[in-house]
Each structure stands twice: as structure tokens, then as C-alpha cells.
1. With respect to A:Arg138, determine if the residue is within 13 Å of another protein chain (Cβ to nearest Cβ) and either in contact (Cβ under 8 Å) with a residue 24 or more places away in the chain or more than 20 Å from B:Pro22 (Cα to Cα) (or both).
2. Of all residues in segment A:126-145, which are touching a Lys or Arg at 6+ places or on another chain (Cβ under 8 Å) and under 20 Å from A:Phe94 (Cα atoms)?
3. Scanning segment A:99-130 for residues that are crowded, with 16+ Cβ neighbours inside 10 Å and over 30 Å from A:Gln6 (Cα atoms), which turns out farthest from the chain's Cα centre (by Cα)?
4. When only residues in segment B:81-110 that are aliphatic (A, V, I, L, M) and without any contact (Cβ under 8 Å) to a residue 40 or more places away in the chain count, which is nearest to the other protein chains (Cβ to nearest Cβ)?
5. Can you tell me how many residues within segment A:1-38 are more than 9 Å from chain B (Cβ to nearest Cβ), buried (at least 17 other Cβ atoms within 10 Å of the Cβ) and among the β-branched types (Val, Ile, Thr)?
6. Taking segment A:90-115 as the search range and keeping residues that are assigned to a loop (DSSP other than H, G, I, E, B), in contact (Cβ under 8 Å) with a residue 40 or more places away in the chain and more than 7 Å from chain B (Cβ to nearest Cβ), which one is nearest to A:Leu51 (Cα to Cα)?
7. Among the residues of segment B:64-92, how many are surrounded by fewer than 19 Cβ atoms within 10 Å (Cβ to Cβ) and part of a loop (DSSP other than H, G, I, E, B)?
8. I'd like to verify a number: residues in segment B:14-28 that are more than 7 Å from chain A (Cβ to nearest Cβ) and either of a type in the set (Ser, Thr, Tyr) or closer than 20 Å to B:Thr155 by Cα (or both), how many?
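Each reported figure results from applying straightforward, stated rules to the coordinates on display, with no laboratory input. The structure presented is a predicted model; accordingly, all values stated were derived computationally and were not measured. In this analysis, Cβ positions are derived from the backbone assuming ideal geometry, glycine residues included, and neighbour counts consider all displayed protein chains.
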Amino acid sequence: MTTPSQTVGPFFGFALPYAGDWELVPEGHPGAVTITGRVLDGAGEPVPDALLELWTGEPGDRAALGRGGAGVSGGSGVSGFGRCGTAPDGSYRFRLAPPSRPYAALLVFARGLLKPVRTRVYLADAPDPLLDSLDPARRATLLARPEGHDVYRFDVRLQGEEETVFLEF
Amino acid sequence: MTHPPYLYPDYASTVLRAPSRPPLEMKEDPEAAELTGPVFGRDEVDPLDADLTAGHAGEPLGERIIVTGRILDASGRPVPDTLVEIWQANSAGRYAHQRDQHPAPLDPNFTGAGRCLTDDEGRYRFVTIKPGAYPWRNHPNAWRPAHIHFSIFGTAFTQRLVTQMYFPGDPLFAFDPIFQSIPDPAARERLVSTFDLDITEPEWALGYRWDVVLGRTPMEDA
């Protein structure tokens, strides 16, 4: 008897974000990459009140909430989990150590989403059971586009022609 | 049928945000990142974070309440040490959020955000005040029933749940498209807390019980 989902609504901003929530690794961490992009609605307009959560599948050695962005003593400060609310232009960002899997898992919550959408950000276009099951146009929606050597662009299109492939487990 | 659909036109914001294609059902993959999830440490969560009436210069206005219950997995087993975050409007129905324009008073002694980790038996417990109903602009004369937002992690990213807890007997249920978006009336009722005299503390606070059952983890043993 699963408990049903309800929308995160527009007013989570004073409760869910925390200092350094988008930084899974500290600035200057060797090999760190940034994933950034925008969340767009069916009219192509930015979604300024979405909350994204990224999970690499590896817990790392830092407390996930990392209160105040501080690391756990003795660790290198790597977390597998991050959270980012979108800016007025619909943009978000995460700084992370490249995951050992070819992808990171992504959840998007927003007003107007009665349940979250779930997808994956692939940092490389390589053979993969999920990617290989998709036609080229759909496959492309899961591929982050490199911009420079340590930045990847990944937009989430909630609805429409280039709608991101969303997943269900 | 437990969860609402993405598109529910009575809730106007879904119209341009609901995906138009059904989600792709993932093939079983024991290596999937989504089968694990972040782990939160005791030292990350201050026990005072579970008391939303504390931390300000004075007492908040409103009806003081205790909200408690258990987080369970799909097999009914308690989920210990999982992070539960809540947020809510104050007793006048106003959020401490800059974009909330409802002309009801802010309460300088109430922010309305809290969090805790569940104990060994999957139990959470918050002390707060009963939130007020508030208007929104979804349709003419639209009001949200009083609710507390809940965010729960579970043990796998697939179990991640964000939802809302309601209070028994709210006359606004019938008019609220967010509540009504859940197709099965029995499932809707699972979002309604129960008044509990055993949780109620004499001369101090009313008690409400609300248990949460997280979704099945793929490949989980039954």
C-alpha cells in the first residue's frame, strides 16, 4: 500500500536547499567536472522553480548533507549526492567527480509535477543497454554535451518534440 | 494506480510540465546506480531540527502538534536512519518564502522547515504547529487543504518520495485538484493523518499519526 506522491510545490526553497548542496566535490578537486543546463517546459520556457537531485551511485566519503558545505574530517570531501534548485533562467549545476558508471542518476521535482521525473545524465556516448535501446534522437536526449574539458551541458525538456527520455524502475 | 498521473489538467501547472510520453520501463540491472541511495549520518542532523517551534525568540502562534509515524518499505519493514525533511505554512496559511504573496501574516517565531533521521524502528517525530489552509491561483476561489510537505529518501534512489500529509476531515479535500489527482480514493486516504490521543500530550500538544510506505525497490526480495 504505497504512499502516493504529491508535488513538491513552489515553496520548498526555504527548506530543501542547503549550503553547497550542488557541490559533490570541493572546488579544485582533481578531475572534477561540472554538469550544467536548464529545465524547460513544453513551451520551451525555463522552469525557475524545479529542484534537481543527482546521485552517482557511490556514497563517497563526505556526509551527504555536508552541513554548511563542510567535509567530514579525514575524508577527501567527495559526496555521491547533490541537490540544486533552478535559477530564474531555469539553470542548475552540479560539480562532481566523474562517476565510475557512464552516467549519474537525476531526479527532477517541480510545481506541476505530481511525481518527479527520473532520468540519467550520460557523460560519454558509449555502448550501453539503455542508450542502445533508443533511436538516435531519443538517445541524444540522455547525452551530456562536452563544453571545454570539464563542463558538460545537459538540458531537461519536460515535454515536447525533444522531450528527455524519462525512466521508470 | 497509487501515484497521480503526470497530466492532470485540473491542476493547471501540469499542462506544460507533464511529459507527453510514458516513462521508459528499465530492464532489470543489479548494477544500476538507482538501486542505492545516499546515506545520512547522525552528526548531520541536529535533534533540534525536529522541533519547528524552537529556534526562534518566542513561541509560534497556532495549535501546537506532534506529528509522528513510521517509514516502511513495500514489505512493511521499517526503514531506519533515513532522512525525513518537512516544510509547511504557518498557522495563518503563509509560507516563509519570498514568492508567497498570500496576504496573511508571517510569524517571526516560525519558519516551518524541519528534518530528522528515523530511529531503529523507522520512526520519525516532529513538533510543529498546525498549518493553515491557503489560497492559490489555480482556479477561482482555489484553496489548498492544510498540509505538511514531506521528503523521504529510503534506501534506494528509486524509493525517493516527496509528498504531502493532510489532516483528517478537511472540508477542502473535495475541491483540491492536487489531492484529487490521485485516482484511487483509498490511496488518497493514505495521505491523511490520524488524530491520536495516545500521541497527544496533556496540557501541551495534539498528536497526529502518519505512516509512510515507500515503493518497491526493483529486484527487492519479497
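1. For A:Arg138, the condition - within 13 Å of another protein chain (Cβ to nearest Cβ) and either in contact (Cβ under 8 Å) with a residue 24 or more places away in the chain or more than 20 Å from B:Pro22 (Cα to Cα) (or both) - is met.
2. Matches in segment A:126-145: A:Thr141, A:Leu142, A:Ala144, A:Arg145.
3. A:Asp128
4. B:Ala96
5. Final tally of qualifying residues: 4.
6. For segment A:90-115, the residue satisfying everything is A:Gly90.
7. 7
8. Summing the residues that are more than 7 Å from chain A (Cβ to nearest Cβ) and either of a type in the set (Ser, Thr, Tyr) or closer than 20 Å to B:Thr155 by Cα (or both) in segment B:14-28 gives 1.
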